[in-house]
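Student: Quick one: the structure is below, and I'll ask about it shortly.
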Amino acid sequence: MKTNEIGKPTNRVDGRHKVTGEAKYAGEFNVPNLAYGFAVNSAIAKGKIKKIDTSKALQVEGVLEVFTHENRPGYVWFDKNYKDMDAPPGSPFRPLYDNEVKFSMQPIALAVAETFELARYAASLVEVEYETSPHDTDFEANIERAYVPEEYNSGEPPKPWGQPDEALANAPVQIEEEYTHSSQHHNPMEMHASTVVYEADGKLTVYDKIQGVMNTHQYITHAFGMQPEEVQVISPFVGGAFGSGLRPQYQLFLAVLAARELKRSVRVTLTRQQMFSFGHRPKTMQRFALGASKEGKLEALQQDVFAETSRFEDYSEDVVIWAGVLYKCENVKLSHKLVDLDVYTPLDMRAPGGTTGTFALECSMDELAHKLGMDPIEFRLKNYSEKDQNEDKPFSSKELRECYRQGAEKFGWKKRNPAPRSMREGHNLIGWGMAHGAWEANQAQASAKAVLTSDGKLTVSSATADIGTGTYTVMTQIAAETLGLQLDDVTFKLGDSSLPDAPLEGGSKTVSTVGTAVKSACDKVRERLFELAQQVEGSPLAEASLEDVVFEGGQISLRKEPSKGVSITAAMSHNQGKAIEEEVSSKPADGQSDYARYAHSATFVEVKVDEDLGTIRVTRVVSAIAGGRIINPKTAKSQILGGVVWGIGVAMEEDTVMDNNLGRFMNHDLDKYHIPVNADVHEVEVIFVEEKDEIVNPLGAKGLGEIGIVSVAPAIANAVFHATGKRVRELPITLDKLL
Amino acid sequence: MRSFTYTRANDVANAVDEVSAEKESKFIAGGTNLLDLMKIQVERPSHLVDITRLALDTIEETAEGGLRLGALVTNADTAYHEQVEKRYPLLSHAILAGATAQLRNMATDGGNLMQRTRCYYFYDTDTPCNKREPGSGCSAINGYNRDLAILGTSEHCIATHPSDMAVALAALEANVRVTGKAGERVIPFSEFHRLPGDTPHIDTNLKPDEIITAIDLPAKGFADHYTYLKLRDRASYAFALVSVAAALDLDGDTVKEARVALGGVAHKPWRIPEAEALLKGKPATRENFQKVAEAYVQGAKGYGHNDFKIELAKRAIVRALLQAKEMEAKL
């Protein structure tokens, strides 16, 4: 297909707004008479609040109120009303519900004052007496009481197939190992914030940091018993979220509560420290047992997952599905159990389950390849799966072989000496490692509206989000392409609950889902426009059909005689000055679910490890991606780069440390919780391999938000092994583990 | 943050008067650490004395042939000062190994010495910490202590001093010039910071009414053989797990004088002159450096998560001394 906008490395249409500061985030919408709330968080992990004394805080001039469980307004009765669209099974946490403390840093009060500083000061004057109960936050110590949840929010682990125990026992080459990573926090640059504007009639306009305004809208209306029309949620920009904004967080609840009680607009913004007081990637331990024939055929695979959750919700993620997607194996057994602790419920974090599962799977495959004396790529190719064995379905597309080929060539893989500790440069040991990964390429249901006005300007809208991913830009490109308009003639609107419905932006499905809705809406406009163009006096299109014309450069022209056509504005002049408006709801095509739909990656990494000091540098990364059709190579590359950088963090830095004496995460700021800095990131190369897919969605595009991260950490771990001969199975790989 | 009053001092005497006038007063210069701590109520001064207008912002020659760094010279200006780069490159390197460009532009040399520990518990007012709240207990000893001290600790505190600059100043045997009600005095660098003992809330031997006016660098800068080796969990913007300021005065391959100071391992920059002296008159070899390293960690104690620092410190000392000797490319 000839394209004008799709496939172009287009700059972000909102880039100028962002770099000039014009783009406003949830905590930046100012209204007259705004009050500020600051949350008080619990000092203990478990127990009861015996006494909470707000008198000193209330004495401070400018302090309006301190809300606690004692003076909060009545609650909507059923706890199901607090379930948001992304809530896992269980009973959602309700802020200020009663005197019970369920996790450390639980919000237990909200001080509201005329300024943020006063509110913060007042919060520090709230005196709390606790009756503490023994808490349990020690994951390792509690692993033996792991349980199978009644319901998996991620989906049941696939049932076993073949004879996994027998096949493992009989396999001549085996490995059995445990892989662990700690809890990790999202830490988007923008802190969570909600500005709740109290309108004259008691209606609320809510600016919220959220990955989908409809979730905030549903949550407020349900939790506060409000009518849908009484609440409008707006969220035009999100300063990163990575999953932390999938669920409405407690600052929203507290801000709405305070605004309704005080009949005044209220903003609550969390501090960086408070960003560690809610969801996180769960601490997870995985046991992998693999068996292979001497020739390197994978005979058996067993994966047992143990992951942390809270006492009140059973959070699970897709940790165990990746082997069945990636490798052919006839004897497989998978399990996923939960360990409930006195912590807040974990929350999807970039490639939830995939990052975790792929790390262990790809390290164990590397271990087995080493044991077999096989090249890691050769071993993987030998066990390449042509179908998804979890569901016994063919793939809609899978150009992973091409990822291997192009990635390996670019990286120079064939020059690798397979023996560990065989490559060095001064006191640095050099290691080359690789891994591959997959991520879901799903499509959900969404609506979009397209309005073409008589001046030829198009506005398309949908209540989706742009969490920094490039939604504004990509949707603008899709719309412009469909109607043959310039990017400047197209405006895309999102982040407003009054717009057509769209799901949460998560799971790398927005281009697929909302992009399809945008295209459908524009296609309808296209039909109407064509009819109008035919009515233009002396129209060269009068006898043509829609298939005979192209929409390009503001013109509708005959495909065979491009010089003959009608301009869009001329066509519009036949619409009595009215706009063309089309709203559509699109959903996955019939038959799509007969196929397994995934994006794939192969990541190649070079590390240099100081032999004496254990310091590791990731000096080179090549990430080859099979992600279907690439709508915007520039924003697409940014997504993969971001994934690679985060993968470096997962492998070597990220680690929220639980102090089990206190039941509290202790490194709760960006000085002590490390994510990569520029100096940690060296050469990173991204390759998109050609991949045609007519099944994933009409655009042929797969989401790229998560595929970039999944195979990075195992590739680094494998490179560290190749460099040092030392296998580190507990992330992050810090220098002390290599001494 | 707690409300506070604020004045701007116009000269050193005025600053000393102002800070003495109220019990809970503090000087503020760059504010890169103090303001953070005030926001989270770890520091709760009732009065701030702004000293940024004092005429302490120059670097000058001393009569002894050294350099005097005014207390208000920024870390960035110090690190990039022509004479510092030429004569005290160890100091330049140490400064540039710390913080970020933005922070170094604000942070002052005097303030650098006064920064507080980065211990997790010190920063969290909901946890016991003897340094923040004397008598409340130390959460780190039996808690999470990966970043914390292995030398000179006490049963009350295992915090480390976070500065990189101070480690180089310790190795260079700088002197800290201070002025108080009783007049001016000079504190040798090794006596400026304290060990925690049973008063971990007191970081330095500066008296409450005293202000740092300058840091004097002696004439000898070890510009030919030096290194600042900082080992940390990421390549920048992280405090040291272990750092080593190493300086050698060589006659051919023979060591005339050696200096070794460690950062990230104790409540103050850690120097053992007797261990340095092991090298005096000896060949600058890996074996001899190894002996120094062993002597430095004599009596070191790990608390679990930070046990690795003992071995790491030894290896870092050997590497730093080798680098200082060879002046080869740094890590």
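The values are calculated or read from the model by the stated rules, or taken from the named source; none is laboratory data. Because the structure is a prediction, the values reported are computed rather than measured. Because the Cβ atoms are built from the backbone with ideal geometry, glycine has one as well, and the counts that use them run over all protein chains shown.
Student: Among the numbered criteria (1) free of Cβ contacts under 8 Å to residues at least 24 places away in the same chain; (2) outside any loop (DSSP other than H, G, I, E, B), which single criterion is violated by A:I220?
Tutor: All conditions are met except number (1).
Student: Only one residue in A:T20, A:T115, A:T54 is polar (S, T, N, Q), surrounded by 17 or more Cβ atoms within 10 Å (Cβ to Cβ) and not assigned by TED's automatic domain parsing to the domain that holds A:D488. Which one? Working first, answer last.
Tutor: Details: A:T20 fails: surrounded by 17 or more Cβ atoms within 10 Å (Cβ to Cβ); A:T115 fails: surrounded by 17 or more Cβ atoms within 10 Å (Cβ to Cβ).
Within the list A:T20, A:T115, A:T54, the selection yields A:T54.
Student: Looking only at the range B:37-57, decide whether some residue is hydroxyl-bearing (S, T, Y), more than 14 Å from chain A (Cβ to nearest Cβ) and over 19 Å from the mean Cα position of the chain (by Cα).
Tutor: To start, the set of residues in the range B:37-57 that are hydroxyl-bearing (S, T, Y) comprises B:46, B:52.
Imposing the further condition that a residue be more than 14 Å from chain A (Cβ to nearest Cβ) reduces the set to B:52.
From what's left, over 19 Å from the mean Cα position of the chain (by Cα): B:52.
For the range B:37-57, residues hydroxyl-bearing (S, T, Y), more than 14 Å from chain A (Cβ to nearest Cβ) and over 19 Å from the mean Cα position of the chain (by Cα): present.
Student: Kindly indicate which of A:E606, A:E582 is of a type in the set (D, E) and under 25 Å from A:E362 (Cβ atoms). Break it down stepwise before answering.
Tutor: Numbers: A:E582 fails: under 25 Å from A:E362 (Cβ atoms).
That would be A:E606, the only listed residue that is of a type in the set (D, E) and under 25 Å from A:E362 (Cβ atoms).
Student: Right, another one. Take the range B:223-240 and flag every residue that is in contact (Cβ under 8 Å) with a residue 12 or more places away in the chain, small (G, A, S) and within 14 Å of chain A (Cβ to nearest Cβ).
Tutor: Listed by number, the residues that qualify are B:S236, B:A240.
Student: Checking the conditions here, which among A:R145, A:R120 is closer than 21 Å to A:T269 by Cβ and basic (K, R)?
Tutor: Numbers: A:R145 fails: closer than 21 Å to A:T269 by Cβ.
Of the residues listed, the single one that is closer than 21 Å to A:T269 by Cβ and basic (K, R) is A:R120.
Student: Ok, one more. Condition check: over 26 Å from B:D36 (Cβ atoms), more than 14 Å from every other protein chain (Cβ to nearest Cβ) and either surrounded by fewer than 24 Cβ atoms within 10 Å (Cβ to Cβ) or hydrophobic (A, V, I, L, M, F, W, C) (or both). Does A:E730 satisfy that?
Tutor: Numbers: over 26 Å from B:D36 (Cβ atoms): yes; more than 14 Å from every other protein chain (Cβ to nearest Cβ): no; either surrounded by fewer than 24 Cβ atoms within 10 Å (Cβ to Cβ) or hydrophobic (A, V, I, L, M, F, W, C) (or both): yes.
Answer is no for this residue.
Student: Next up: Residue by residue through the range B:241-277, note down the ones that are more than 12 Å from every other protein chain (Cβ to nearest Cβ), crowded, with 18+ Cβ neighbours inside 10 Å and assigned to a loop (DSSP other than H, G, I, E, B).
Tutor: B:G264, B:V265, B:A266, B:H267, B:K268, B:P269
Student: Tally up the residues in the range A:638-657 that are at the interface with chain B (Cβ under 8 Å from one of its Cβ atoms) and touching a helix residue (DSSP H, G or I) at 6+ places or on another chain (Cβ under 9 Å), please. Please lay out each step first, then the result.
Tutor: Residues of the range A:638-657 at the interface with chain B (Cβ under 8 Å from one of its Cβ atoms): A:652-653, A:657.
Checking which are touching a helix residue (DSSP H, G or I) at 6+ places or on another chain (Cβ under 9 Å) leaves us with A:652-653.
Qualifying residue count for the region: 2.
Student: Suppose we keep only residues that are in contact with a strand residue (DSSP E or B) (Cβ under 9 Å, 6 or more places away or on another chain) and within 14 Å of another protein chain (Cβ to nearest Cβ) within the range A:677-713. Which one would you say is farthest from A:P732 (Cα to Cα)?
Tutor: A:H682
Student: Of all residues in the range A:556-596, which are more than 30 Å from A:E440 (Cβ to Cβ), in a loop (DSSP other than H, G, I, E, B) and among the hydrophobic types (A, V, I, L, M, F, W, C)?
Tutor: Kept after step one, since they are more than 30 Å from A:E440 (Cβ to Cβ), are these residues of the range A:556-596: A:556-581.
In the following step, the residues that additionally are in a loop (DSSP other than H, G, I, E, B) were identified as A:559-564, A:573-579.
If the condition is that a residue be more than 30 Å from A:E440 (Cβ to Cβ), in a loop (DSSP other than H, G, I, E, B) and among the hydrophobic types (A, V, I, L, M, F, W, C), then A:A579 is the only one that fits.
Student: Just the residues that are part of a loop (DSSP other than H, G, I, E, B) and among the aliphatic types (A, V, I, L, M), please, taken from the range A:689-721. So that I can check it myself, show each step before the final result.
Tutor: From the range A:689-721, those part of a loop (DSSP other than H, G, I, E, B) are A:689-700, A:702-706, A:711; that's our starting set.
The answer is A:V689, A:I695, A:V696, A:L699, A:L704.
Student: Next up: Of all the strands (runs of 3 or more DSSP E) wholly in the range A:1-75, which have at least 1 residues that are among the charged types (D, E, K, R)?
Tutor: Working: elements: A:35-41, A:47-53, A:63-68.
Strands (runs of 3 or more DSSP E) meeting the threshold: A:47-53, A:63-68.
Student: Among the numbered criteria (1) surrounded by fewer than 20 Cβ atoms within 10 Å (Cβ to Cβ); (2) at negative phi; (3) in contact (Cβ under 8 Å) with a residue 24 or more places away in the chain, which one does B:A9 miss?
Tutor: (1)
Student: With the requirement that a residue be facing chain A (nearest Cβ under 8 Å) and surrounded by fewer than 21 Cβ atoms within 10 Å (Cβ to Cβ), what does the range B:126-149 give you?
Tutor: Residues satisfying the conditions are B:D126, B:N142.
Student: Let me ask something else. What's the total number of residues in the range B:83-125 that are away from every other protein chain (no Cβ under 14 Å), surrounded by fewer than 22 Cβ atoms within 10 Å (Cβ to Cβ) and under 26 Å from B:I51 (Cβ atoms)?
Tutor: Looking only at that region, the number is 5.
Student: Among the residues of the range A:199-208, is any of a type in the set (G, A, S), within 25 Å of A:T68 (Cα to Cα) and not assigned by TED's automatic domain parsing to the domain that holds A:K333?
Tutor: yes
Student: Looking at (1) surrounded by fewer than 23 Cβ atoms within 10 Å (Cβ to Cβ); (2) within 27 Å of the chain's Cα centre (by Cα), find the lone condition where A:S461 falls short.
Tutor: The one condition A:S461 does not meet is (1).
Student: Next question, about the same structure. Among the listed residues B:A15, B:A101, B:A9, B:A29, identify the single one that is over 18 Å from B:G180 (Cα atoms) and hydrophobic (A, V, I, L, M, F, W, C). Full working, then the answer.
Tutor: Numbers: B:A15 fails: over 18 Å from B:G180 (Cα atoms); B:A9 fails: over 18 Å from B:G180 (Cα atoms); B:A29 fails: over 18 Å from B:G180 (Cα atoms).
Answer to the check: B:A101.
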